[in-house]
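> Sharing a structure, written as structure tokens. Questions coming.
Just so it is clear, none of the values below were taken in a lab; they were calculated from the coordinates. Just so you know, these numbers come straight off a predicted model, no measurement behind them. Note that we place each Cβ from the backbone using ideal geometry, even for glycine, and neighbour counts take in every protein chain shown.
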Amino acid sequence: MIDVRDLDVRLGGMAVLDSVSTSIGEGRFVGLVGPNGAGKSTLLRAIGAVLKPDAGTVLLGDEDVHDLPSRAASRRVATVPQDTSLSFDFDVREVVAMGRTPYRSRFRSSADPAGEETVERALSRTETEAFAERSIGAVSGGERQRVVLARALAQETPILLLDEPTASLDINHQIRTLELVRDLADDGKTVIAAIHDLNLAAHYCDELLLLSKGAIVDSGSPEDVLTESNLTRAFDARAVVSRHPVTGAVYVTALPERTGDREGRVHVIGGGGTVSRLLYVLSAAGYEVSVGALGTGDSDLETARLLGLDTVIVEPFAPIDAETRTRVSERIARADVTVLGDIEVGSGNLANLECALASDALVVVEDRPFEERNYAGADARALYEAVIGRGTVVEGSEVFGAVEEAMDRSS
């Protein structure tokens, strides 16, 4: 158990942490989230005994970490810093072996047979054994991150602190790093990590601690902490909170600054969970949104119902009949902009594409090649070519901006 009580830290006369108190149980993966300058790194340094607070205590069990000798503290807490650059040119295995320093006597032989096995396990766990003989200066940024994590594992501490472990890493190395850290927590290690990406934090962490201006805004599960009101308080920014259509985890989408609510109508053609997040974003931005046609049981339909949107519904797996097609066409006619999601197309929903052709301002989302989504053959391909010929084709990450631009052109 880590028990932080009334922690105050002042740097340069400024309060960086202000009466911060929290408790973290064993084997939990806790993410520290918040804007730049919120105090995340300072809190990690205080927990790791790198920085002595001006007031308050950090208890590891019943011991104040700041009262422990340096070696004793290093056997309890290991740290992976944000800056993993190293000023020496040792090979990777030697760098990892530095994690054994707290267990080596300054006066006796430095032989550490048990430690050698620990180093090999750390290399294996982090998948760094393949380049263990390579110079640390010759590995990539993502590889170096894993080497420094292996060094921390070689310390064999019950607590692991990580400061922005995914900063400057590509998405592949971000996922590999956090998957490994998640596994460590599942094996019983207590992990506290400052993570700038809210969606990664929500996906991997058991609990989040949201900080702003040196104080705790909220703490608890990602679902409880990452609310739109909390994000406004902490970041002074607008965001919409939904569920990721694949993982089901809390998903945060930042909205651009605006001086007033968006005005205008948007009709969205979706299905199969392809537009759920977009519906949240457009609705939160203030647009009047309609959607359809969607089959009963479709996850996009559940999102639309949750948001109270005007929705055209058909029975599951039923084709779009003439009446439904008329209802979709009416909504497209009233809309200022129509968005066609990255949907799969079969004979039953070809009418959605035909209706989209009538839009005067059309945005087409294309994250996957149409060939991967086309189950209706050459007729669908010809119809889709006509659709993209009339619309603006964008990736999913660009659709909100494309809607705004189309709205400006139509006004």
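> Between the helical axis of 113-125 and the dominant principal axis of the chain, each derived from Cα atoms, what acute angle in degrees is found, rounded to the nearest 10?
10 degrees
> Lys189: which aspartates and glutamates have alpha carbons under 12 Å from its alpha carbon, excluding same-chain residues fewer than 8 sequence positions away?
Candidates past the 8-residue exclusion: Glu26, Glu156.
> Net charge around Asp163, counting only other residues with Cβ within less than 15 Å of its Cβ (Lys, Arg = +1; Asp, Glu = -1)? Could you put the intermediate results ahead of the total?
Numbers: positive: Lys40, Arg45, Arg144, Arg151; negative: Asp83, Glu164, Asp197.
Around Asp163, the surrounding residues sum to +1.
> Scan (i) 40, 23, 20; (ii) 51, 25, 17; (iii) 31, 25, 20 for the value of semi-axes √(5λ) of the Cα gyration tensor in Å calculated from this model and give just the label.
Calculated semi-axes √(5λ) of the Cα gyration tensor in Å: the matching label is (ii).
> Within 10 Å of each residue's Cβ, count the other Cβ atoms and sort Lys189, Lys213 from fewest upward.
Lys213, Lys189
> Can you list the lysines whose alpha carbon is less than 21 Å from that of Lys52, not counting same-chain residues fewer than 8 positions off?
Reachable lysines: Lys40, Lys213.
> Work out the charge dipole of the chain with +1 on the Cβ of Lys and Arg and -1 on the Cβ of Asp and Glu about the Cα centre, then indicate which of Ser221, Thr57, Ile195 is farthest towards its positive end.
Farthest towards the positive pole: Thr57.
> Sticking with this structure for a sec: Hey, if you put +1 on the Cβ of every Lys and Arg and -1 on every Asp and Glu Cβ in the chain, which of Gly248, His66, Phe235 ends up farthest toward the positive end of that dipole?
Value computed over the given set: His66.
> If the only charges are +1 at each Lys and Arg Cβ and -1 at each Asp and Glu Cβ, what is the size of the charge dipole of the chain around the Cα centre, to the nearest 20 debye?
Charge dipole of the chain: 1080 debye, to the nearest 20.
> Okay, moving on. So which trypsin sites (Lys or Arg not before Pro) in region 88-177 pass both tests, a DSSP loop state and at most 16 other Cβ atoms within 10 Å of the Cβ? Display every interim value, and only then the final one.
Working: sites: Arg93, Arg100, Arg104, Arg106, Arg108, Arg121, Arg125, Arg134, Arg144, Arg146, Arg151, Arg176; in loops: Arg104, Arg106, Arg108, Arg134.
Here the trypsin sites (Lys or Arg not before Pro) that fit, given the DSSP loop and packing criteria, are Arg104, Arg106, Arg108, Arg134.
> Another question, then. What is the magnitude of the charge dipole of region 2-235 about its Cα centre, with +1 placed on the Cβ of each Lys and Arg, -1 on the Cβ of each Asp and Glu, and no other charges, expressed in debye to the nearest 20?
It comes to approximately 680 debye.
> Region 374-410 to region 77-103: how many Å between their Cα centroids?
Cα centroid of region 374-410 versus Cα centroid of region 77-103: 51 Å apart.
> If you don't mind, there's one more thing I want to ask. Going by how many other beta carbons lie within 10 Å of each one, how would you line up Asp64, Asp300, fewest first? Working shown, then result.
Details: Asp64 14, Asp300 27.
Fewest-to-most Cβ neighbours within 10 Å comes out as Asp64, Asp300.
> Would you mind pulling out the separation of the Cα centroids of region 1-19 and region 314-360, in Å?
57 Å
> Right, something else. What is the distance, in nm, between label points placed 7 Å from the Cα along the Cα-to-Cβ direction at Gln82 and at Ser124?
So the two model labels end up 3.5 nm from each other.
> Just grab the label-to-label distance for Ser21 and Met1, each label 7 Å out from Cα along the Cβ direction, in nm (one decimal).
1.4 nm
> Taking the Cα centre as origin and putting +1 on Lys and Arg beta-carbons and -1 on Asp and Glu beta-carbons, what dipole magnitude results for region 255-379, to the nearest 20 debye?
Values: 11 positive and 22 negative charges, 56 e Å.
With Lys and Arg at +1 and Asp and Glu at -1, about 280 debye.
> Label region 26-176 by shape, choosing from rounded, prolate and oblate, from the square roots a ≥ b ≥ c of the eigenvalues of the Cα gyration tensor; if a/c is under 1.5 it is rounded, and otherwise prolate applies when a/b is larger than b/c, oblate when it is not.
Because a/c hits 1.5 or more and a/b fails to exceed b/c, region 26-176 counts as oblate.
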